Amino acid sequence: RKEVEQDPGPFNVPEGATVAFNCTYSNSASQSFFWYRQDCRKEPKLLMSVYSSGNEDGRFTAQLNRASQYISLLIRDSKLSDSATYLCVVNGGFSGGYNKLIFGAGTRLAVHP
Amino acid sequence: EAQVTQNPRYLITVTGKKLTVTCSQNMNHEYMSWYRQDPGLGLRQIYYSMNVEVTDKGDVPEGYKVSRKEKRNFPLILESPSPNQTSLYFCASSFLGPENIQYFGAGTRLSVL
């Protein structure tokens with residue numbers, strides 16, 4: 001079983017749609033959770049951290065369920081510029097001195113006019 | 001400007017010819033890491049360093065070496081590259097601690113013929 005699992009997609013949605021991505025992780029010792037965005041052939045960039053209480057940044061909402069070891073990302077009012085691959089990322093617990101990141105393979109989103 | 005700089009961005013080489021990919025950061029980060037990204041597998045950690053002269057293996061260290069003689073630099077060395085090391089490589093850095101965000105270089109696309 002992969003340590004971080006995501007639906008690879010692609011999710012093809014029209015502009016203005018709401019889309020949700022899910023992710024599960026296997027290491028119950030993980031302490032930090034993130035969504036990164038990666039454009040084609042470019043470096044991953046932090047989209048948002050994910051907190052236990054849930055957090056929102058504009059059109060983006062992230063949720064964490066520690067009991068189910070499940071993370072989600074909701075994008076409202078999708079824009080063409082949201083087209084990218086979204087990486088679910090968790091830290092590896094004690095492994096790697098708490099800085100080690102475990103990446104999901106990514107979910108590809110394509111927003112069309 | 002705060003950044004992680006990798007060089008070269010693109011490299012085509014032949015089996016067995018030693019090469020070095022450089023990585024430099026200007027944010028005074030203690031933690032640096034190398035990842036490789038392959039289709040369907042996500043980013044996998046090769047080596048990491050928690051400070052000068054402190055390095056350790058990640059998940060896929062075979063065929064790679066690193067050094068950390070200065071805080072800002074973390075070169076990746078392939079002593080005898082093989083075709084299975086054809087991949088997209090990213091260097092990343094952060095402060096220590098699980099909450100700290102990792103910043104990535106622009107990537108190095110390596111092809112070993």
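Bear in mind that the values in this text are calculations on the coordinates, not laboratory data. This one's a predicted model, so the numbers in the text were calculated from it and none came from an experiment. Virtual Cβ from ideal backbone geometry, glycine too; neighbours counted across all protein chains shown.
So which residues in the range B:59-77 are in contact (Cβ under 8 Å) with a residue 12 or more places away in the chain and out of contact with any Ser or Thr (no Cβ under 8 Å at 6 or more places or on another chain), if there are any at all?
Applying the first criterion (in contact (Cβ under 8 Å) with a residue 12 or more places away in the chain) to the range B:59-77 yields B:59-61, B:63-77.
Of everything in the range B:59-77, those that are in contact (Cβ under 8 Å) with a residue 12 or more places away in the chain and out of contact with any Ser or Thr (no Cβ under 8 Å at 6 or more places or on another chain) turn out to be B:ASP59, B:VAL60, B:PRO61, B:TYR64, B:LYS65, B:LYS69, B:GLU70, B:LYS71.
Being in contact with a Leu (Cβ under 6 Å, 6 or more places away or on another chain) and surrounded by 14 or more Cβ atoms within 10 Å (Cβ to Cβ) narrows it down to one of B:LEU88, B:LEU19, B:LEU43, so name that one. Can you show your working first?
Values: B:LEU88 fails: in contact with a Leu (Cβ under 6 Å, 6 or more places away or on another chain); B:LEU43 fails: in contact with a Leu (Cβ under 6 Å, 6 or more places away or on another chain).
Going through B:LEU88, B:LEU19, B:LEU43 in turn, the sole match is B:LEU19.
Applying the criterion of being in a loop (DSSP other than H, G, I, E, B) and free of Cβ contacts under 8 Å to residues at least 12 places away in the same chain to the residues of the range B:2-47, the residue that is farthest from the other protein chains (Cβ to nearest Cβ) is B:PRO39.
Just one of the numbered conditions (1) within 8 Å of chain A (Cβ to nearest Cβ); (2) surrounded by fewer than 19 Cβ atoms within 10 Å (Cβ to Cβ); (3) not charged (D, E, K, R) is not true of B:GLY63; which one? With (1) within 8 Å of chain A (Cβ to nearest Cβ); (2) surrounded by fewer than 19 Cβ atoms within 10 Å (Cβ to Cβ); (3) not charged (D, E, K, R) applied to B:GLY63, the lone miss is (1).
For the range A:1-75, which fully contained strands (runs of 3 or more DSSP E) count at least 1 residues that are small (Gly, Ala, Ser)? First the steps, then the outcome.
Working: elements: A:4-6, A:11-14, A:19-25, A:33-38, A:45-49, A:55-57, A:60-65, A:70-75.
Filter on the range A:1-75 gives A:19-25, A:45-49, A:60-65, A:70-75.
Evaluated against (1) without any contact (Cβ under 8 Å) to a residue 24 or more places away in the chain; (2) away from chain B (no Cβ under 14 Å); (3) surrounded by 14 or more Cβ atoms within 10 Å (Cβ to Cβ), A:ILE75 falls short on exactly one condition, (1). Filtering A:GLN69, A:GLN38 for residues that are farther than 24 Å from B:PHE104 by Cα, surrounded by 14 or more Cβ atoms within 10 Å (Cβ to Cβ) and among the polar types (S, T, N, Q) leaves a single hit, A:GLN69. Using beta carbons and a limit of 8 Å, which pairs, at least six apart or on different chains, have the first residue in the range A:28-48 and at the interface with another protein chain (Cβ under 8 Å from one of its Cβ atoms) and the second one crowded, with 19+ Cβ neighbours inside 10 Å and small (Gly, Ala, Ser)? What qualifies is A:ARG41/B:GLY107; A:LYS42/B:GLY107; A:GLU43/B:GLY105; A:GLU43/B:GLY107.
Filtered by the rule that a residue be at the interface with chain A (Cβ under 9 Å from one of its Cβ atoms) and assigned to a loop (DSSP other than H, G, I, E, B), the range B:66-104 gives B:PHE95, B:LEU96, B:GLY97, B:PRO98, B:GLU99, B:ASN100, B:ILE101, B:GLN102.
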